[in-house]
1. Report, in listed order, any pair from K115/K162; K140/K213; K115/K140 with a Cα-Cα distance greater than 29 Å.
2. Of A202, L273, I241, whose Cα points farthest to the positive end of the dipole of the range 163-292 (charges on the beta-carbon: +1 Lys, Arg; -1 Asp, Glu; origin at the Cα centre)?
3. Using a probe of 1.4 angstrom, how much of the accessible area of the range 164-228 is carbon and sulfur, in percent?
4. What does the net charge come to around V395 if you take all other residues with beta carbon closer than 9 Å to its beta carbon, with K and R at +1 and D and E at -1?
5. Using only the alpha carbon atoms of the range 71-157, find the Kirkwood hydrodynamic radius as the inverse mean reciprocal pair distance, in angstroms to one decimal.
6. Which log10 I(q)/I(0) values, to two decimals, does the range 90-249 give at q = 0.08, 0.12, 0.18, 0.20 Å⁻¹ under the Debye formula with one point per Cα?
7. Based on Cα coordinates alone, diagonalise the gyration tensor for the range 338-414, multiply each eigenvalue by 5, take square roots, and list the semi-axes in whole Å, largest first.
8. If we count every other residue with Cβ under 12 angstrom of T72's Cβ, Lys/Arg +1 and Asp/Glu -1, where does the sum land?
Amino acid sequence: MQKVVLPSTLIGISPCTVAHHETENRTPRMISSDSPEPPALSWWQRMRQSLMPVIVGLAIALLLLAFVIGQTVLAQREARTRAIYEGNMLLALQQVRAAMLDAETGQRGFLLTGKATYLTPYRDAKNRLTGAMGYLVRLKQETDDPDIDGHIARLDALTQSKFIELDRSVALASAGFSAQARAIVDSDLGQHEMDAIRAEIAAMHAERAEARKASFERAAQLERRLLPLIAVLGIAIIMLIVAGMRAEHSRARAMAQAAQANALRDANERAQLLARELNHRVKNLFSVILSIVALSGRKQADAHEVVTDIRARIRALSLAHAASQGVGAGAGADLGSVIARTMEPYADEEGIRVCIEGPAVKLPVRMVTPLGLIVHELATNAMKYGALSRETGKVRIDWRITPDAFGELEVSLCWSETGGPALHVKPGGPEGTGFGSQMTELAARQLGGTISHEWPETGAVARLTFPLPTDFHETDR
């Protein structure tokens, strides 16, 4: 912890120096705010005005491209599926034809030779026919083609009729009626049935080949359309990107102009605030100077000592005024030094009237001015109404670093007065509506914190809390 004891004797300054210091704090030139402000646009409005048409165009182009590519992929997949299906169908038809030929060959061999060995390939062909027809039925169930149902039904009827004829002739030959069996063969009924089976299989072959050809032709047609469409869409996308870049450039320029207008308006508001604050501070400075003269005149001392004391206090007051106006663009300032410099005009030689105590805290330049304004306003009120208006009054300023509800460090500063008069009217006007109270509230918000006031019977208490900058702090552990 560091404890700062403030001296009150500062000599070697002339009245003209104070006057020169006062002239440095001139009222800033005001910026006219009569010009109309551009209406603030929301994020959605800016997006809709500049980029939304481009994004919509790109989205439509990409959707068209995706649709065409998807259609091509689906057509190719359909062609592959159709090719597999048609290949399986043709394979099953080939098995049916082979089974019928093998069955007829076995029947002829058995009728001519009477040897039972010819019945083995006959029965095997009959079993293979059953499997091939079952496979055709399963393939039919996998497609929605209505024509295939009629073909399979006719083919099944023809093969069953043929096997009835074959089974009849084989049964007659096995019973010893070879002449009757040959008569069935010589009647050409079996030949007509085989011709009908071959014709049905050939028709199915032709239809399957035509369906497969149509499927591949559709896929090829979509592929031929794909490349020119991709080129057109690519050119459209490039044009949309160029348009989007130009729109974004225009939007960025408009945003820069709006930001410049906002900066001018903010500068105007700051200039107005500084002008009002300067006017308020000048009035307070005159009051403080009169109080310094009155307090110094109460001492039992000769005129030279009184004049020297008054000059020192007025010089210290000018330094405090400069401290509350801010520092240079350096790395920062120490919290204790800013408070000590501001409170120099009100301290005594023994360091009893004003006591400053707290850990070392480094503040960025942006926080020095609002902090100096708050301390200067509290000191002015204490000099005019509170503890510093009496010789026995005391002011204690201490601070500490504590974590907030979210675990972040913050500075808790307490200004407490004792030994002052009873306050019938609160400083800053009724219910704190005066400019001084508004200025301290605004300065506290600039620090990112809050300030509260209490008024006991013989003093005043102010509590200022603001977050500790992570890049500008040093604490004694």
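1. Among K115/K162; K140/K213; K115/K140, the Cα-Cα distance tops 29 Å for K115/K140.
2. L273
3. Whole-percent figure for carbon plus sulfur exposure: 59.
4. Net charge around V395: +2.
5. 14.7 Å
6. -0.41, -0.65, -1.05, -1.19
7. Ellipsoid semi-axes (Å, largest first): 25, 14, 12.
8. +2
The values are calculated or read from the model by the stated rules, or taken from the named source; none is laboratory data. Quantities reported herein were computed from a predicted structural model and do not represent experimental measurements. Don't worry about glycine lacking a Cβ; one is built from the backbone with ideal geometry, like all the others, and counts go over all protein chains shown. SASA here: full protein model, heavy atoms, side chains in, ligands and nucleic acids out. Shrake-Rupley method; radii C 1.70, N 1.55, O 1.52, S 1.80 Å.
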